[in-house]
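J.: Structure in structure tokens, see below.
The values are calculated or read from the model by the stated rules, or taken from the named source; none is laboratory data. Here the structure is a predicted model, which means the values were calculated and not measured. Cβ atoms come from the backbone with ideal geometry, glycine included; neighbour counts cover every protein chain shown.
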Amino acid sequence: MAEHWFVACVQAQQEKSAKLKLEQKGFECYLPIYVPQWGVKPKMRPFLPGYLFVRTEHYFNAIITTPGIWTVLCSGDRPQAVADWVIDEMVEREQDGIIQLPPRPMSLKRWRELNSRFRRGDAVHVQGGPLDAVFEEMIDKTRAQIFFKLLGKLHTKMVPLAKLSLVQRAAG
């Protein structure tokens, strides 16, 4: 029978202790760690709090009787194996044993506040077009909603920000 990775459910904040105890019993364990990008003093934390990966063939009783472990994730009444690629993906993202997360994206609201050259009601010109328009709002980081009049009717359109230039700042 081949060994597979399984997920051990660990009591709160007992991941490191349970890992050590399982390794002392001869199990191969994987506890992914990361450093959050927030906090005054960032410190290493479990990437998946409350869970620990254990590689075994079938010795589940030895796992769940380990102090700090309360069960193994199951599908029905059988422990559920984790595909090797799940572990491989986490290991590939590690640098010096710590999972590297992409930077936290700035919220769209905050991005709009910091980067918008335009305010609602500003007169804008659309490059490559004969029409001037009125800036309504940012749609995302690259597009904006504008209003323009054509043949006596008010129209709305999404345009790339790169195609807009400010004509004059609206009063107010």
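J.: Pick out the one residue from P79, P67 that is in contact with a helix residue (DSSP H, G or I) (Cβ under 9 Å, 6 or more places away or on another chain) and surrounded by 14 or more Cβ atoms within 10 Å (Cβ to Cβ). Show your work before the answer.
T.: Numbers: P67 fails: surrounded by 14 or more Cβ atoms within 10 Å (Cβ to Cβ).
Of the residues listed, the single one that is in contact with a helix residue (DSSP H, G or I) (Cβ under 9 Å, 6 or more places away or on another chain) and surrounded by 14 or more Cβ atoms within 10 Å (Cβ to Cβ) is P79.
J.: Scanning for something closer than 21 Å to I98 by Cα, touching a residue at least 12 places away in the same chain (Cβ under 8 Å) and not in a loop (DSSP other than H, G, I, E, B), does the stretch 56-78 turn up at least one residue?
T.: Here is the first cut: in the stretch 56-78, the ones closer than 21 Å to I98 by Cα are none.
So far as the stretch 56-78 goes, no, none of its residues is closer than 21 Å to I98 by Cα, touching a residue at least 12 places away in the same chain (Cβ under 8 Å) and not in a loop (DSSP other than H, G, I, E, B).
J.: Restricting attention to the stretch 143-156, does a residue exist that is surrounded by fewer than 12 Cβ atoms within 10 Å (Cβ to Cβ), under 28 Å from the mean Cα position of the chain (by Cα) and part of a loop (DSSP other than H, G, I, E, B)? Explain how you work it out, then say what you get.
T.: Residues of the stretch 143-156 surrounded by fewer than 12 Cβ atoms within 10 Å (Cβ to Cβ): 150-154, 156.
Add one more test, that the residue is under 28 Å from the mean Cα position of the chain (by Cα), and what stays is none.
Within the stretch 143-156, not a single residue is surrounded by fewer than 12 Cβ atoms within 10 Å (Cβ to Cβ), under 28 Å from the mean Cα position of the chain (by Cα) and part of a loop (DSSP other than H, G, I, E, B).
J.: Looking only at the stretch 121-142, count how many residues are assigned to a loop (DSSP other than H, G, I, E, B), of a type outside the set (G, A, S) and at pLDDT below 85. Spell out how you get there, then give the answer.
T.: Taking the stretch 121-142 first, the residues assigned to a loop (DSSP other than H, G, I, E, B) are 121-122, 127-131, 139-142.
If we keep only those that are of a type outside the set (G, A, S) as well, we get 122, 127, 130-131, 139-142.
Then drop every residue that is not at pLDDT below 85, which leaves 127, 130-131, 139-142.
Residues in the stretch 121-142 being assigned to a loop (DSSP other than H, G, I, E, B), of a type outside the set (G, A, S) and at pLDDT below 85: 7 in total.
J.: Next up: Identify, please: which residue in the stretch 82-98 is in a helix (DSSP H, G or I) and surrounded by 14 or more Cβ atoms within 10 Å (Cβ to Cβ) and is, among those, farthest from the chain's Cα centre (by Cα)?
T.: So in the stretch 82-98, the residues in a helix (DSSP H, G or I) come out as 84-92.
Within this subset, residues satisfying the condition of being surrounded by 14 or more Cβ atoms within 10 Å (Cβ to Cβ) are 87, 90.
Values: I87: 18, M90: 14 Å.
Going through the qualifying residues, I end up with I87.
J.: Residues in the stretch 31-39: is at least one in contact (Cβ under 8 Å) with a residue 60 or more places away in the chain, part of a loop (DSSP other than H, G, I, E, B), loosely packed, with under 15 Cβ neighbours inside 10 Å and among the polar types (S, T, N, Q)?
T.: For the stretch 31-39, residues in contact (Cβ under 8 Å) with a residue 60 or more places away in the chain, part of a loop (DSSP other than H, G, I, E, B), loosely packed, with under 15 Cβ neighbours inside 10 Å and among the polar types (S, T, N, Q): present.
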